[in-house]
Amino acid sequence: MLKSIVTALAVLAFSTGMALASEFTKFDPATFAEAQKSGKSIVIHVHADWCPTCKAQVGPLKTLAASPDFKNVVAMTIDYDGQAEARKMLNITKQSTIIAFKGSTETARATGVTNAEAIEKLARSAL
């Protein structure tokens, strides 16, 4: 029931143009370093526009971003094709990778996962 309410709210937010509590922004090394230093929860999605798996991950990630539980999470996207330095910095070898951090500690990492529950479990590891 709660999951359907959250999903409905996410759809409403996107269809009306409302801002989400936590939106995915383009990865920025300085912002990432500051979030780590401050001990914040961080979720990073490594995305490529041509990747069908990456596209399948967007829906569950946006639903989580709309959830009150994730309102203080720093959510960033790395452009797999355009941000090679960020990939190198975080030892990313494939698109469709999702990484969670609590401060400077990596709490979970998965590549190719599209199951909403698995993505949520990964993201919650940062809380």
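Here are the numbers for the structure shown:
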{"read-out": "Inter-site label distance for Glu23 and Asn91 at 7 Å from Cα along Cβ, in nm", "value": "3.3 nm"}
{"read-out": "Volume per residue that the Cα convex hull of the stretch 53-127 spans, once the total is divided by residue count, Å³", "value": "87 Å³"}
{"read-out": "Per-pair calculated FRET efficiency, R0 = 35 Å: Leu127 and Lys55 via Cβ, rounded to 0.05", "value": "0.85"}
{"read-out": "13 Å beta-carbon shell around Lys71, net charge (K/R +1, D/E -1)", "value": "-1"}
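Read-outs throughout are calculated quantities, based only on the coordinates presented, and are distinct from any laboratory measurement. Quick caveat, the model's predicted, so the values are computed rather than measured. Glycine also receives a Cβ, built like all others from the backbone with ideal geometry; neighbour counts cover every protein chain displayed.
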